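Q: Starting off with a structure, shown below.
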Amino acid sequence: MVNDTQVLNNGYPMPSIGLGVYKISDEEMDNVVKTALDAGYRAFDTAYFYGNEVALGKALNNSEMNRDELFITSKLWNDYQGYDSTIEYFNRSLENLGLDYIDLFLIHWPCEKDGLFIESYKALEKLYEEGKVKAIGVCNFKEHHLKKLMDATDVVPQVNQIELHPYFNQKEVQEFCDEHDIKVTAWMPLMRNRGLLGHPTIVDIAQRHGKTPAQVVLRWHLAHDRIIIPKSKTPERIRENFDILDFNLELTEIAEIDSLNRNARQGKDPDDVAIGDLK
């Protein structure tokens, strides 16, 4: 059985499986969080942009779970990049969540043409030094973004959260991150089921293991030492997505899924995203 915790490059532990709460409404949040906690989740991934930090914070507070058992990730939205603004909006996220510290705080997109991600990251370094955040990192950074960032800053990102699934396996970015001990978190790990889960290769492997295609794909991510944050509000799916630690894929099966790559990005290309583009 794979270890269900990863250790980040600063020694801080992060659960391998978290729940993404993008588009979970305030009304749904309590039930979603309760279902997830009962299933075994301890990590929750939100963002200022999602507009549900307050609801997530309240739901976690209602659960009476010890703070040190939880791992909370949030993110700096593009419109608030810049040194002072980063600190201001980090503090807003902290207040929204009702926490004394955030486990992981990420820059949501590089928005390289706007030229603010380095000073934004320097603000994260300050917050990290102050202990207000236990780990810092980025989302949607390609290799050239990471190199530029690391050349200009002191703290190597602990995490790079990127779109990643069998049809878009980001091999070069994954290898760069592995080489520099940056943990990759996969968002859209199931490709939002846009045909992926019906692929004969994945269906066949699932049948061999008595698991669902989604469970096989999520297990494939863990086999590559990634962190995953599948998003769901359906109780059965929430439980199913966590129930993947009781089987292992064969090396040949991992290679079969690796071979499905089509470089088929579903979301925006980070090089094309500027401040103000995404709403």
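A short reminder: the numbers here are calculations on the coordinates, not readings from a lab. Everything numeric here is computed off the predicted structure, so don't read it as measured data. Note that we place each Cβ from the backbone using ideal geometry, even for glycine, and neighbour counts take in every protein chain shown.
Q: Let me make sure I get this right: for segment 14-131, a, b and c are the square roots of the gyration tensor eigenvalues over alpha carbons, sorted descending. Under 1.5 in a/c it's rounded, otherwise prolate if a/b > b/c, else oblate. Which is it?
A: The shape class here is prolate.
Q: How many percent of DSSP beta bridges within the chain run antiparallel, rounded to 5?
A: 15
Q: Sorting Leu245, Leu8 on the 10 Å Cβ count, fewest up front, what's the list?
A: The fewest-first ordering by Cβ neighbours comes to Leu245, Leu8.
Q: Turning to a different aspect of this structure: I want the antiparallel fraction of DSSP beta bridges within segment 1-117, as a percent rounded to 5.
A: Here the share of antiparallel DSSP bridges comes out near 25 percent.
Q: Right, something else. If one takes the longest principal axis of the Cα atoms in the chain, at what angle in degrees, from 0 to 90 and to the nearest 10, does the Cα axis of helix 26-39 lie?
A: 60
Q: May I ask for the angle, rounded to the nearest 10°, between helix 53-63 and the longest principal axis of the chain, with both axes built from Cα atoms and the value confined to 0 to 90°?
A: 70
Q: While we're here: Please list 3J(HN,Hα) in residue order for segment 99-115, calculated via the Karplus relation 6.51 cos²θ - 1.76 cosθ + 1.60 where θ = phi - 60°; whole Hz, with x for glycine and proline.
A: 3J(HN,Hα) across segment 99-115, in whole Hz: 10, 8, 8, 10, 5, 9, 10, 10, 7, 5, 9, x, 6, 4, 4, 7, x.
Q: Give the order of Thr234, Thr185, Thr35, Thr86 when sorted by the count of other beta carbons within 10 angstrom, beginning with the fewest.
A: So the residues, fewest neighbours to most, are Thr234, Thr35, Thr86, Thr185.
Q: Fewest to most neighbouring Cβ within 10 Å: what's the order for His221, His180?
A: Numbers: His221 25, His180 14.
Final ranking by Cβ density, sparse to dense: His180, His221.
Q: What is the chain by shape, rounded, prolate or oblate, if you read a ≥ b ≥ c off the alpha carbon gyration tensor as root eigenvalues and call it rounded for a/c under 1.5, prolate for a/b larger than b/c, and oblate otherwise?
A: Details: a/c = 1.71, a/b = 1.25, b/c = 1.37.
Oblate, since a/c reaches 1.5 and b/c is not below a/b.
Q: Return one number: the angle in degrees, 0 to 90 and rounded to the nearest 10, between the long axis of the Cα atoms of helix 83-97 and the longest principal axis of the Cα atoms of the chain.
A: 60
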